[in-house]
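> Supplied in structure tokens, the structure appears directly below.
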Amino acid sequence: MRFMKAAALLLLPLTLAGCRSRYIATTITNDTQTSISVVQVDYPSASFGTQSLAPGQTFNYRFKVQGSGPVKMTWLSADRKELHATGPQLAEGEEGQLVIHLRTDTDPSFAFTPTAAAK
């Protein structure tokens, strides 16, 4: 009985090591001088967002990519004008970091840095 418990405890870390989901860690930063609202990011198979972002505020979100396609974003400016932008293409199973900066009088910047595959 002791042997079985010891074996189970030794095998548990090995079992859990293979159970990790790939995801994209996203940060959206409002680099404008005004608040923006109804921020929505669409990615292959789903979307996420936040109701508002004050100047200088960031919003973090993690998601799993299922399918392939571009990141698309919509938001409302301070004067309630709906704005749109298209970001990088993502492929199913990709992992990494997506950084989005909303800027005044120009399109937002998107920077996707994939994570190197573990060997």
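> Testing residue 104 on (1) assigned to a strand (DSSP E or B); (2) over 18 Å from residue 63 (Cα atoms), one condition comes back false. Which one is that?
The number of the failed condition is (1).
> Is one or more of the residues making up the stretch 60-67 farther than 18 Å from residue 21 by Cβ, out of contact with any helix residue (DSSP H, G or I) (no Cβ under 8 Å at 6 or more places or on another chain) and surrounded by 13 or more Cβ atoms within 10 Å (Cβ to Cβ)?
Taking every residue of the stretch 60-67 in turn, none turns out to be farther than 18 Å from residue 21 by Cβ, out of contact with any helix residue (DSSP H, G or I) (no Cβ under 8 Å at 6 or more places or on another chain) and surrounded by 13 or more Cβ atoms within 10 Å (Cβ to Cβ).
> Having 3 or more residues that are more than 12 Å from the chain's Cα centre (by Cα), modelled with pLDDT of 65 or more and farther than 29 Å from residue 80 by Cα is the bar; report the strands (runs of 3 or more DSSP E) wholly within the stretch 1-66 that clear it.
none
> Considering only the stretch 68-87, how many residues are in a strand (DSSP E or B) and either surrounded by fewer than 16 Cβ atoms within 10 Å (Cβ to Cβ) or out of contact with any Phe, Trp or Tyr (no Cβ under 6 Å at 6 or more places or on another chain) (or both)?
Qualifying residue count for the region: 12.
> Would you point out the residue of the stretch 68-104, among those that are over 15 Å from the mean Cα position of the chain (by Cα) and of a type in the set (Gly, Ala, Ser), that is modelled with the highest pLDDT?
Ranking the qualifying residues of the stretch 68-104, first place goes to 85.
The values are calculated or read from the model by the stated rules, or taken from the named source; none is laboratory data. Given the structure is predicted, the values throughout are model-derived calculations rather than measurements. Note: ideal-geometry Cβ built from the backbone for every residue, glycine included; neighbour counts use all protein chains shown.
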